[in-house]
1. Using square roots of five times the C-alpha gyration tensor eigenvalues, list the equivalent-ellipsoid semi-axes of segment 79-161 in whole Å, biggest first.
2. What net charge do the residues around ASP270 carry, taking every other residue with its C-beta under 15 Å from that of ASP270, with Lys and Arg at +1 and Asp and Glu at -1?
3. Counting only GluC sites (Glu not before Pro) that sit in a DSSP loop (anything but H, G, I, E, B) with at most 14 other Cβ atoms within 10 Å, what is the longest stretch of the chain containing none of them?
4. Spin-label point model (7 Å from Cα, Cβ direction): what's the VAL37 to TYR234 distance in nm?
5. Given 5 Å bins starting at zero, what is the percent of C-alpha pairs of segment 128-177 in each, up to the one with the largest pair distance?
6. In segment 200-259, what chymotrypsin sites (Phe, Trp or Tyr not before Pro) fall in a loop by DSSP, with at most 12 other Cβ atoms inside 10 Å?
7. State the percent of C-alpha pairs, over all pairs in segment 151-198, separated by a distance greater than 15 angstrom.
8. Take SER102, SER201 and sort them by solvent-accessible surface of the protein heavy atoms, 1.4 Å probe, largest at the top.
Amino acid sequence: MLQPFTCIRLGLCVLGLLGAAAVCYAAELDVQASKVVDHLHVLASFSDDTFPAVTRILFTPMDMEARAYVKSLMTEVGLEIREDAMGNIYGKWQGSDAGLGSVLTGSHCDAIPLAGMYDGTVGVIGALEALAALKRAGFKPRRSLEVVMFTSEEPTRFRLSCVGSRAMAGALAADTLDVKLDENGTSFLEAANAVGYGGESHQAILDATRTPKGSVDFFVELHIEQGPLLEQEYTDIGVVTAIAAPAALEVHFYGEGGHAGAQLMPLRNDAGLAGAELALAVEAHTLATGAED
């Protein structure tokens with residue numbers, strides 16, 4: 001039988017090792033798995049769709065309620081909370097050596113339409129429980145340990161993913177944000193300012209969000225697999241050695257219109273069928289490589 005919260009135990013041991021370069025034994029830690037599940041269910045209730053579906057779009061009322069709930073949990077754990085201009089939320093456990101960079105862990109809580117309750121949220125709630133368990137065990141970190149909830153990981157509202165983490169890493173340009181509007185014509189700047197984040201311009205937001213060099217030395221994220229392999233192999237946790245790098249290519253097909261009945265098949269020029277042939281050709285080429293991934 002799978003034990004899904006073994007991953008939290010292993011994850012918090014990694015945090016402990018990185019935080020103090022000291023041995024950390026999972027067996028000695030009190031991980032309250034039922035509390036994690038309870039928190040995940042509460043988060044799932046902040047949704048524009050009915051459970052078990054979760055829809056939580058950036059800077060909407062449901063997103064803001066979820067953010068408030070996460071901050072309340074950070075307070076319960078005894079973390080120092082701060083939020084940046086982009087809307088990333090941090091909960092910090094100050095280490096004994098302020099000269100060392102932090103160990104950062106976390107994920108996101110926004111959800112695409114009709115998502116599940118574990119995507120992203122396990123990385124935030126699991127991280128909070130990991131720090132809580134370390135505190136209960138009397139652990140004293142040398143490096144500061146921080147839980148982060150990234151803003152706008154999903155591309156739902158502005159068709160741009162990983163907005164918060166890109167901004168932290170300095171990998172997002174203001175002109176990219178400048179042209180992004182939601183379905184109502186609202187800019188990211190307007191949406192962020194409306195809920196208490198933001199700034200005078202997208203560039204000002206990015207400048208205020210950039211993580212200073214040396215302030216973070218390590219990052220670890222707990223995430224569901226979103227695939228079948230771990231469960232099929234009765235394995236609790238896997239360590240990522242590579243990451244998917246999706247790319248998008250836009251192809252235009254142009255056909256000719258004609259009467260559905262009178263236009264004979266040899267004379268037809270259907271753009272949809274040409275697109276289908278390309279899709280099948282890509283599939284055949286990919287399968288022919290023999291690579292599982």
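The values are calculated or read from the model by the stated rules, or taken from the named source; none is laboratory data. It should be emphasised that the depicted structure is a prediction, and the values quoted were computed from it without experimental measurement. Note: ideal-geometry Cβ built from the backbone for every residue, glycine included; neighbour counts use all protein chains shown. Accessible surface is based on the protein model in full, side chains and every heavy atom, while ligands, DNA and RNA are left aside. Shrake-Rupley method; radii C 1.70, N 1.55, O 1.52, S 1.80 Å.
1. That gives 27, 15, 8 Å for the three semi-axes.
2. Charge balance near ASP270 sits at -1.
3. The segment 1-182 is the longest one with no such site.
4. About 2.1 nm, to one decimal.
5. 5, 17, 20, 14, 10, 11, 11, 8, 3, 0
6. TYR234, TYR254
7. The proportion of pairs with Cα distances above 15 Å equals 43 percent.
8. Largest accessible area first, the residues go SER201, SER102.
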